[in-house]
Amino acid sequence: MTRAEKAVTKAKAAKQKPAAAAKKNGSNGSHPVVQTEAKATLSTQQLLEIYRAMLRIRVLDERMMTLQRQGRIGFYGTCSGQEAATIASTYALRASDWIVPALREAGAMLMRGFPLVPYIAQVFGNSGDLTKGRQMPSHQAGRSVNQVSWGSCIGSQLPHAVGIAFAAKLSKHDTVAMAFMGDGATSSNDFHTSMNFAAVFKAPVVFVCQNNHWSISIPTHRQTASESIAIKAVAYGMPGVKVDGNDPEAVYAACAAAVERARRGGGPTLVECETYRMGAHSSSDDPTRYRDQAEVDRWKLRDPIDRTRAKLIKAKGLTEASDTRLRADLLSEINAAIKEVEALPNPPSSTLFEDVYAELPWHLQQQQQEFEAALKRAGGDLGGGH
Amino acid sequence: MPTLNLLQAVNDALRVEMRRDPRTIVLGEDVGKFGGVFRATAGLYEEFGPDRVIDTPLAEGGIIGTAIGMAMYGLKPVPEIQFSDFIFPGFDQIVSELCKLRYRSGGQYTAPVVIRTPFGGGIRGGHYHSQSPEALFIHQAGLKVVAPSNPYDAKGLLLAAMRQPDPIIFFEPKRVYRASKGEVPEGDYEVPLGVAKVLREGTAMTVIAWGAMVHEALIAVEKAAEAGIDCELIDLRTLWPLDIDCLVASVEKTGRAVIVHEAPRTCGLGGEISSLIQERCFVHLQAPVKRVTGWDTPFPYTLENEYLPLAPRILQGIEDTAKFIV
C-alpha cells in the first residue's frame, strides 16, 4: 500500500469511527508529532470562560444563518463545530499578541473585547462597520484587538503573520502572532512560504490549522497525501502537534505551549486541530451534494459545545439551569445588537473613494466629482435598487 | 557634489533613510552580505547588520507578504525583488493584499511598503530579465508607481517614497544602472512624487518617456531638433498618479504627443496617457497621439534591440507625428 493509499484508508477509518480513532491516539485524542512541553491546564473557571465564548459564537452563527435565509444579510460562514479550536487556541494569547484568522475565527475578536455591534455591523456592511462595508461578511478586522481580517484567496494571510511576528522580534517585543488556516490552505504556496520563512527567521508565530476535513467539497485526503497536516512541520524544521480540535483543554494545552515557546524565542510551531465543519462551507454552499449525512451525524456526537458543557456540568462549573440562563442571555444580547445594527444606514456614498490612498489623488478627486454629479443627475438612484 | 551612477544613488538613498529611521528594513534575495545581484544594497549589511538587512529564502510572495506584516506592525520594509520579471509569484500579495489593506480594513491597517525592483530590457536578459510590467501595477487601485531615469531623481524619489504612507512599486531602469551618471547631493533631499520633469522645452510636439527610454528619447529629440522639429521632452518620473497638469499644459502648447515605453503596446501606460490627453486636450490636438513602444510579443533575447523603442524608432514616430496634417 502506498503512503497516499494509507492516508486515504486512515481518513476513511477516522470517518467511520471518529471516537475510536481519537481514542487510539491517546485518551485525549492528541497525537503529538513532536512531544509538547509540560501541559498547561485550565481551571474550571477558565473552561467556563472558554465555553461562554464558544457558545456566544454558536448562538451568533445560528442567528446569522437565519438572517441570511431571510435575506437580511448577503452571506455568512459559520464556525459551527470549530468553536473549541477557535477559542481555546486564542485563549492562550495575551491582548498584545496578534490574531491573523482564516474564514472561521473572526469570533475570537469578541472574546478579546471587540464590541458585538460593530462586529455584526460588518456582516450587514453598514455604517456601524469599522471597515465601512467594503468586504463580504465574515471579514471583520479590529485594530483595537490586534486582529486583522482574513484573505479570501486562501492562505494569503499567513505570510502577514510571519511579518508581524518577525517585526515584533526585530523590535525586541515579546509579542506573538497566531495564524489560522483550514486544511485546504495547506496546499497553497503561501502556506509553504510562510512555514519556511517563519522557521528560517525563527519568527514567534503559531500556525493553527483547523483540519475540519472539508475544503468546500474537497476532503482532506484530496488536499494532501501526508499522513497528517502536523507532520508537514517536520520538513520545515519546526514542531508539529496534532490535537483533538473539539477538546478545548487539548487545544489550549498545545497552543499555550506553542505560544510560550514562540515568546521565549524558540520559533514557530504548527498545531493541527482535528475538527469538523458541521455546517455548510458558507451560506452559498450545499454540502448534501458531496457529503454523507451519516458522517455529519457521527461528528455531531463530538460537538465541542456539548462536550465542554458536559465536562463543566460534571466539574460543577455549570448546571442545566445556569446553562439555560447563559444561552438565553447570549441570545438576548445578540438580538439586541442585531436590532441596533439593522437600524443603521449604509455607509455614506462619500466613503467609496476614501482609504484607497492616505490622501485623495487627482484622478480619484475627479472620479468622485463625476460620481456625485451622476448621482445628482439620476435623482439619487444609480441603479441596483438602493 | 559627488558624481554617482543610478545604482550608487539608490544605495545612498537607502543608507540615508536607514540612518535616519531605525524602522527602515531592507529584505530580499541576496541583499545582505552579497549586497544584491546589482549591488544596490552593497555595504548596508556591514553598517546596519543582519536584523535590518535581511537575506530571505527564495520566494517573492514570501518577501512581499512578510513585508506587509512587518509594515502592519509598524516597521518600514523596503523589499527588493531581484528582477521585476520575478515579481509575479508575489503578484497576489501585491494585488489582493498590499494595495487593498487600507481600504478593506476601513483605514485601520496600512502597509506603506516600498518594493524596489529593476525593470526593462537592454541587458541581454531574455524575457525573464527584461520586461516592463508597470501597467499591471498602475491598474491596481491603491498603488503608486515610480520610475526614475537618472541618479539625482533615483535618490530623491526613493527618499520621498520611503517617507510617505502608501505602498509603492519603485521601478529602477537597470539598462542605465551604471551608464546613467550625474551629480547627486550628499545627505538628505527629496524629489516630490507626482511631479514630472520637463527635460527639454519645445513647441512642435510633446514626447513623454520614463526609465531607460528617457535616454533614447533624448537622443531622438536632439536629432529631431537638427531636422527642425522642436520637441518638448517630459520625463514622467512618477508613473501613477502621474503629473496630469504637466502633460496637459505641454500638449495644449504643442498640439501633438508621442509616448514612448518599453512595455508591449496594448493596454500599456501609453494607452492610458493617450486617453487622458484626448479627454483634456481634444480641441488642441493636431495629430493622433502616437505610441512608440515594445511590440505585443514576449520580450526576445537575440532581437532585443529590434523589440525596444530605441532612438531611431522614436525619431520616426516624431517625424510622422510632425508631418501629420488634419
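The values are calculated or read from the model by the stated rules, or taken from the named source; none is laboratory data. Not measured: the values here are computed from a predicted model. Quick reminder, even Gly has a Cβ in these numbers, built from the backbone with ideal geometry, and neighbours come from all protein chains shown.
Out of B:303, B:285, B:242, one residue alone is modelled with pLDDT of 95 or more, over 27 Å from residue A:364 (Cα atoms) and not basic (Lys, Arg). It is B:303.
On the basis of being within 13 Å of chain A (Cβ to nearest Cβ), buried (at least 17 other Cβ atoms within 10 Å of the Cβ) and over 23 Å from the mean Cα position of the chain (by Cα), does residue B:68 make the cut?
Working: within 13 Å of chain A (Cβ to nearest Cβ): yes; buried (at least 17 other Cβ atoms within 10 Å of the Cβ): yes; over 23 Å from the mean Cα position of the chain (by Cα): no.
No, not satisfied.
What residue, among those in the stretch A:272-318 that are of a type in the set (A, V, I, L, M, F, W, C) and surrounded by fewer than 18 Cβ atoms within 10 Å (Cβ to Cβ), is nearest to the chain's Cα centre (by Cα)? Selected residue: A:296. Checked across the stretch A:96-105, the condition of being under 28 Å from residue A:354 (Cβ atoms), charged (D, E, K, R), crowded, with 21+ Cβ neighbours inside 10 Å and in the same structural domain as residue A:284 (by TED's automatic domain parsing) holds for at least one residue.
May I ask you to verify whether residue B:108 is over 23 Å from residue B:240 (Cβ atoms), of a type outside the set (A, V, I, L, M) and more than 9 Å from chain A (Cβ to nearest Cβ)? Walk me through it before giving the result.
Working: over 23 Å from residue B:240 (Cβ atoms): yes; of a type outside the set (A, V, I, L, M): yes; more than 9 Å from chain A (Cβ to nearest Cβ): no.
No, not satisfied.
Set side by side, the residues A:259, A:241, A:251 differ, and just one is within 18 Å of residue A:79 (Cβ to Cβ), buried (at least 20 other Cβ atoms within 10 Å of the Cβ) and away from chain B (no Cβ under 14 Å), which is A:251. The numbered conditions (1) touching a His at 6+ places or on another chain (Cβ under 9 Å); (2) surrounded by fewer than 18 Cβ atoms within 10 Å (Cβ to Cβ) are all true for residue A:202 except (1). Being farther than 20 Å from residue B:281 by Cβ, assigned by TED's automatic domain parsing to the domain that holds residue B:85 and not small (Gly, Ala, Ser) is true of residue B:155. Within the stretch B:73-96, residues that are facing chain A (nearest Cβ under 8 Å) and of a type in the set (Phe, Trp, Tyr) have Cβ atoms under 8 Å from residues that are buried (at least 21 other Cβ atoms within 10 Å of the Cβ) and in a helix (DSSP H, G or I) in these pairs: B:73/A:163; B:73/A:164; B:73/A:167; B:73/A:168, counting only partners at least 6 apart in sequence or on another chain.
Return the residue satisfying two criteria in turn: it lies in the stretch B:138-169 and is buried (at least 24 other Cβ atoms within 10 Å of the Cβ) and free of Cβ contacts under 8 Å to residues at least 60 places away in the same chain, and of such residues it is farthest from the other protein chains (Cβ to nearest Cβ). Here the residue is B:161.
Comparison of A:178, A:195 shows that the only residue that is assigned to a strand (DSSP E or B), buried (at least 24 other Cβ atoms within 10 Å of the Cβ) and in the same structural domain as residue A:88 (by TED's automatic domain parsing) is A:178. For the stretch A:59-88, filtering for residues that are buried (at least 24 other Cβ atoms within 10 Å of the Cβ) and charged (D, E, K, R) leaves 1. In the stretch B:25-32 there is at least one residue that is within 13 Å of chain A (Cβ to nearest Cβ), among the acidic types (Asp, Glu) and in contact (Cβ under 8 Å) with a residue 40 or more places away in the chain.
Taking the stretch A:287-361 and the helices (runs of 4 or more DSSP H) fully enclosed by it, the elements with 1 or more residues that are under 30 Å from residue A:126 (Cα atoms) and without any contact (Cβ under 8 Å) to a residue 12 or more places away in the chain are at A:320-342.
With the stretch A:52-169 as the region, which helices (runs of 4 or more DSSP H) entirely inside it contain at least 2 residues that are within 12 Å of chain B (Cβ to nearest Cβ) and touching a Leu at 6+ places or on another chain (Cβ under 8 Å)?
Working: elements: A:83-90, A:108-111, A:116-124.
Counting at least 2 such residues, we get A:116-124.
If you filter the stretch A:142-161 down to residues that are among the β-branched types (Val, Ile, Thr) and out of contact with any strand residue (DSSP E or B) (no Cβ under 6 Å at 6 or more places or on another chain), you find that the one that is surrounded by the most Cβ atoms within 10 Å (Cβ to Cβ) is A:154.
Please list, ordered by first then second residue, the pairs with beta carbon atoms under 7 Å, 6 or more apart or interchain, first in the stretch B:41-58 and surrounded by 19 or more Cβ atoms within 10 Å (Cβ to Cβ), second of a type in the set (D, E, K, R) and assigned to a helix (DSSP H, G or I). What qualifies is B:44/B:15.
In summary, residue A:380 fulfils each of the numbered conditions (1) more than 14 Å from chain B (Cβ to nearest Cβ); (2) at pLDDT 95 or above with the single exception of condition (2). Note on the stretch B:242-271: residues that are surrounded by 18 or more Cβ atoms within 10 Å (Cβ to Cβ) and within 14 Å of chain A (Cβ to nearest Cβ) amount to 6. Entry remark, the stretch B:117-159: residues being part of a helix (DSSP H, G or I), basic (Lys, Arg) and closer than 30 Å to residue A:135 by Cα number 0 in total. Taking the criterion of being among the aliphatic types (A, V, I, L, M) and either in a strand (DSSP E or B) or over 20 Å from residue B:136 (Cβ atoms) (or both), the residues of the stretch B:297-317 that qualify are B:303, B:310, B:311, B:314, B:315.
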